[in-house]
Amino acid sequence: MGQGSFEDIIGKKFEGKGQEVPSGVWENVNNALNADLVSHYQSSHSRYRWLTAAAILIAISSFAIHYVTIPIQKKAETNSYNALLTKNFNSVQFQVSDLSAGHLTFSWLPAIILDKPENEPPVNIDNVDRSEELATIEIQTKTAEIELAEASNEIKSFYRTLGQSSRKKSSEKNEFWAGLEAGAGKFNPNFSGANSISNSINSSAAATAVGAGDFSNPSANAVQDGMNEGVATSVGFDFGVKIGRKWTLESGLAYTNLNNTGSASVNVLNGFSNNGEVRTGAIKPENPNQEELETSARIQTSANGEIDLNSNIQFASMPLKAGYYIMDNKFSVRLNAGVAANYLIENSLSDPSNQIISGAHSDLYNDWSFDGIGGLEFGYRLFNKIDMTIEPNYRYSITPLSNSITSPSRFVVQTGFRYTLR
Amino acid sequence: MNFSEEKLIKGCQKGKRAFQQELYDKYSKGMYLVALRYSKAQQEAEDILQEAFIKVFKNIKNFRKDSSLAYWIKKIVVNTALNHQRSKLYLYPMVDVTELNDWSDKESIISSLSYDELLELIRELPTGCQVIFNLFALEGYKHHEISKKLDISEGTSKSQYSRAKSLLSEKILSRESYRNGTGKF
């Protein structure tokens, strides 16, 4: 008999056979598994406390830094542009009240300078006060250098997500989730530079908004000391996958709208104008044989007006984040890092009547910009399928949204709820 | 409850106790027999089985499904049993022995034995022989694999297996003689 035959016989003897197991074995296994769970929770309990304390400290510190030590620069008390005007013009200023329009006020610029050909004989002008001087208004404009406010953006967003699989069981692999999100917050809009906004104002539109001329003098437009703090809203969806026990990969698409108001000083130049106190006169010589001379002055008048501005920036943001679960139970902590690609959809400047003052979306802002994201997400299971989350994260501008000045980094706190589908 | 193997695995991976008990109930009898083959005493076999199933539940999340679940569990049980016996293997070192094996006339005798009689005979073997016999004859390991597992030479594995067979032969013959009333003393 060969060995193979012997092993076959032996093997077949035991094939499919079993022995009744004493009941105490399962009880011991059960107890061992319970003890393992208890020790796991006990060891992580102290971690919970330290991490909670660290998270609260980080959140408090961040808020303190951004709201106390780095305040958003307020609008200047004085209008530097108007201040320049008063410095550069010496003549008498006077108001023309009948030219006011609504919320707009006008102040005629003074500076009347006599401009008369040399050796010109004195003329008599009917109905003309010859003692009056006609002048060319010389306008000097300067674009005000407006100091930019230090940028610090806070965006607080709330988002609601639907459809996220459970994170409680960290042993599951290849979990998928998807969700919807919505958010709202504040931001400092002066990252692009008031100077740049001024240059982007469309002349004709601004003039129409002012309501006092054919065109505006672009070089004289000046945004008043920076725009007001605005409101940012976003809506989008996200989806992710759990890789292994602790790693996650998340992406999505969000539409973000940044809206804020401000005001700008607009200097409007008129063409030939016979308004106001600007006159022309015909000069008739005493000798009829002499040519009739007519003196006229090319008058340019200008008005300085203020217009309200509404700035709107819309872009699509596509984040890609990797996450690592430090804890994944009823209370979860996840470390996230990634990048976000932002694509500019549209930006516009308009006045209160929605007339577009500047619509060229590429002038001020880059089509594409990228942010680096790093954050710590805390989650708490409220009910069986509903989680509450809070994520303070830091966004560093890799490439800026504005093409005139580097966009600053910003600290963001996101909160929200997640619903687990399965 | 009667779950499919797929659901059973997923449930155990999630740590759900009901699924774990279901899996235990399904495989414990067969695995207990395996543990008995490697042990001398019933208590020892219970310890091996208990320890093995704890390992199964802790490591089931790493189960790759490249083999059957039963095979995977059996491997854990065998390795646990070897860990239990390893210290005893060092206490009773195995050496090369020369044994003559002739099973040509014993095939029918072996076939007549029940599995629990055979189990009892195997458990009576010396520890080293018992382990190697189980690994080669019942688990299907080759001698070079056994030598690596137990950190012995291949020759020692072969000779110990031969010795196991010889001893089994003696015990079987002795038992048969006793039954037939022809035992020689």
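The values are calculated or read from the model by the stated rules, or taken from the named source; none is laboratory data. Just so it is clear, the model here is predicted, and its values are computed rather than measured. When we count neighbours, we look across all protein chains shown, and the Cβ atoms used for this are built from the backbone with ideal geometry, even at glycine. With ligands, DNA and RNA removed, areas are computed over all heavy atoms of the protein, side chains included. Shrake-Rupley method; radii C 1.70, N 1.55, O 1.52, S 1.80 Å.
Going by a ≥ b ≥ c, the root eigenvalues of the Cα gyration tensor, does the range B:105-147 fall in the rounded group (a/c under 1.5), the prolate group (a/b larger than b/c) or the oblate group?
On the way: a/c = 2.53, a/b = 1.66, b/c = 1.53.
Judged from the Cα gyration tensor, the range B:105-147 comes out prolate (a/c at least 1.5, a/b above b/c).
Residue by residue along A:23-30, Cβ atoms of other protein chains within 10 Å of the local Cβ number 6 on average. Shape class of the range B:114-185 from the Cα gyration tensor (axes a ≥ b ≥ c, square roots of the eigenvalues): prolate, since a/c reaches 1.5 or more and a/b is larger than b/c.
How much FRET efficiency would the formula 1/(1 + (r/R0)^6) give for A:Ser62 and A:Glu346, where r is the Cβ-Cβ distance and R0 is 35 Å, rounded to 0.05?
For R0 = 35 Å, the calculated efficiency reads 0.65.
For peptide B:28-35, the mean count of partner chain Cβ atoms within 10 Å of a residue's Cβ comes to 5. Could you please report the charge total around A:Asp36, scoring K, R as +1 and D, E as -1 over all other residues with beta-carbon less than 14 angstrom from its beta-carbon? That works out to +3.
Among the listed pairs B:Lys75/B:Lys142; B:Lys16/B:Lys55; A:Lys385/B:Lys7, those with a Cα-Cα distance over 18 Å are A:Lys385/B:Lys7. Taking both sides together, what accessible area is buried at the A/B interface, probe 1.4 Å, expressed in Å² and rounded to the nearest 100? Adding both sides of the contact gives about 3400 Å². Per residue of peptide B:44-54, the mean number of Cβ atoms on other chains within 10 Å of the residue Cβ is 4. Measuring with a 1.4 angstrom probe and ignoring ligands and nucleic acids, B:Glu120 comes out at about 90 Å² accessible.
Output the peptides B:48-59, B:10-21 sorted from most to least packed, where packing is the average of other Cβ atoms within 10 Å over each peptide's residues.
B:48-59, B:10-21
Could you compute the FRET efficiency for A:Thr415 and A:Leu320, with r as their C-beta to C-beta distance and R0 at 22 Å, rounded to 0.05?
0.55
Amide H to amide H distances under 5 Å link A:Ile326 with A:Val333, A:Arg334, A:Leu335, where only residues 5 or more positions off or on other chains count and H is placed in the peptide plane. Distant-in-sequence amide contacts of A:Gly230, defined by a placed amide H-H separation under 5 Å and a gap of 5 or more residues or a different chain, comprise A:Phe187. Among the chymotrypsin sites (Phe, Trp or Tyr not before Pro) within the range B:132-179, not one is in coil by DSSP while having at most 10 neighbouring Cβ atoms inside 10 Å. Derived scalar couplings between HN and Hα for the range A:312-324 equal 9, 10, 10, 8, 9, 10, 10, x, 9, 10, 9, x, 10 Hz in order, rounded to whole Hz, by the Karplus curve 6.51 cos²θ - 1.76 cosθ + 1.60 (θ = phi - 60°), x for Gly and Pro. Across the range B:125-139, coupling constants 3J(HN,Hα) worked out from phi with the 6.51/-1.76/1.60 Karplus curve, θ = phi - 60°, read 5, x, 3, x, 5, 4, 5, 5, 4, 4, 5, 7, 7, 10, 8 Hz, and Gly and Pro carry x. Taking all protein chains together and rolling a 1.4 Å probe, A:Trp177 ends up with roughly 10 Å² accessible. Per-residue SASA remark: A:Phe370, around 80 Å² accessible (1.4 Å probe; ligands, DNA and RNA not included).
Derived scalar couplings between HN and Hα for the range A:6-22 equal 4, 5, 4, 4, 4, x, 5, 4, 9, 5, x, 8, x, 10, 5, 8, x Hz in order, rounded to whole Hz, by the Karplus curve 6.51 cos²θ - 1.76 cosθ + 1.60 (θ = phi - 60°), x for Gly and Pro.
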